[in-house]
Each structure stands twice: as structure tokens, then as C-alpha cells.
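Q: Handing you a structure now.
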Amino acid sequence: AGSAMAAVRDAEIDPEGTFKYILVRLQRPGGGEQRDIVRGTKAAEFHNHIFEKVNPEMEKLGYECKCLGGGKIEHNSKDKKIRVFGLSTGYGKADHSVTVEILKKEYTDYEITWSDDKK
């Protein structure tokens, strides 16, 4: 069971640009192991579009998903910088400090910052 959860990437975000993101908690039904993942893409006009894509993928792997909130990510791959900010109208604001810690696992050589700014 651990290997399936390990196979889920901590963060999957677009390589460039500014886009919406959500923080999602994965959990085995009935408690037990859980972890948080970050997903963000320009393809999503609204935060729930991201969740609607992630949720069925994770259910196939046997996880329950809960959206912990959202915001925006500004990803500059040239300068190796990521900025996390903003909020989701529908899901509320994610804990951006948690998001930053998750992003640091995937983007080890990046400068990653967050703020409660709307823009």
C-alpha cells in the first residue's frame, strides 16, 4: 500500500506561468496513512476543475481526497523561482506555508516564497 502512495508525486504544476493550484489531502479510507499533495495548471479556469481531475485518479489508487484550499502559483523556471499567493473562492485559502514545503521536495534548487497577497 505504501508504494502506491509513494507513486503519487508530491507536486504536479505547470512548468511556467501563473495559474491556480489546490492543496489536496489523500487518505486511506478508515484513517491510516495520509499525505498532502499540490496540483496546479493553467488549463483550469476554476479551482474545482483541478479537483475534478485529481479526485478520480486518486480514487482509482484507493484514496479519499479532500481539498484543503487553493491559491495561485507563479512559476518562473528560468530564474528558478516559485511564488505562492492568493486564494480559492470556492475552497478558501490553502495553507501556503504547507504548499511551499511540498514544492521544496520537487523543486529542491528553487527559491520558493509565499504571501497572502491577492495578486
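Q: Please give the charge dipole size of segment 17-119, origin at the Cα centre, charges +1 on K and R Cβ atoms and -1 on D and E Cβ atoms. Round to the nearest 20 debye. The partial results should precede the final answer.
A: Details: 19 positive and 16 negative charges, 38 e Å.
Result for segment 17-119 is approximately 180 debye, rounded to the nearest 20.
Q: Now, a different point. Normalised by the number of residues in the chain, what is the relative contact order in percent for Cα pairs under 8 Å and 6+ residues apart? Kindly include the intermediate steps, with their values, before the conclusion.
A: Details: 242 pairs, mean separation 30.6, N = 119.
Over the chain, the number comes to 26 percent.
Q: Loop only per DSSP, at most 15 neighbouring Cβ atoms within 10 Å: give me the trypsin sites (Lys or Arg not before Pro) in segment 48-109, ordered by residue number.
A: Lys78, Lys80
Q: Could I ask something else about it? At what distance in angstrom do the alpha carbon centres of segment 75-119 and segment 31-50 lie from each other?
A: With segment 75-119 and segment 31-50 each reduced to a Cα centre, they are spaced 13 Å.
Q: Stokes-Einstein at 37 °C, 0.692 mPa s, Kirkwood radius from Cα pairs: D for segment 33-119 in µm² s⁻¹? Intermediate values should be presented prior to the final figure.
A: Working: Rh = 13.7 Å.
Rounded, D is 240 µm²/s.
Q: State in Å² the accessible area per residue of the chain; use a 1.4 Å probe, count heavy atoms of protein chains only, and round to the nearest integer. Don't skip to the answer; put the middle values down first.
A: Values: 6450 Å² over 119 residues.
Here the residues of the chain average 54 Å² of exposed surface.
Q: Just add up the charged neighbours of Gly86: K/R +1, D/E -1, any other residue whose Cβ is under 12 Å from the Cβ of Gly86. Don't jump to the answer; show the numbers that get you there.
A: Numbers: positive: Lys20, Lys72, Arg83, Lys93, Lys118, Lys119; negative: Glu74, Asp116, Asp117.
Local net charge: +3.
Q: Please identify every one of the chymotrypsin sites (Phe, Trp or Tyr not before Pro) in segment 51-111 that sits in a loop by DSSP and has no more than 15 other beta carbons within 10 Å of its own beta carbon. Display every interim value, and only then the final one.
A: Values: sites: Phe51, Tyr63, Phe85, Tyr91, Tyr107, Tyr110; in loops: Tyr63, Tyr91, Tyr107, Tyr110.
Qualifying residues, ordered by number: none.
Q: If you restrict to DSSP beta bridges whose two residues both lie in the chain, what percentage is antiparallel, to the nearest 5?
A: Values: 25 of 33 bridges.
About 75 percent, rounded to the nearest 5.
Q: Then there is this: With only alpha-carbon atoms in the gyration tensor, what are the semi-axes of the equivalent ellipsoid for segment 1-70, in Å, largest first?
A: Rounded to whole Å, the semi-axes are 22, 12, 10.
The values are calculated or read from the model by the stated rules, or taken from the named source; none is laboratory data. Values in this document were obtained by computation on a predicted structure and should not be read as measured data. A quick note on method: Cβ atoms are made from the backbone with ideal geometry, for glycine too, and the neighbour counts reach across all protein chains shown. Heavy atoms of the whole protein, side chains included, go into the accessibility calculation; ligands, DNA and RNA do not. Shrake-Rupley method; radii C 1.70, N 1.55, O 1.52, S 1.80 Å.
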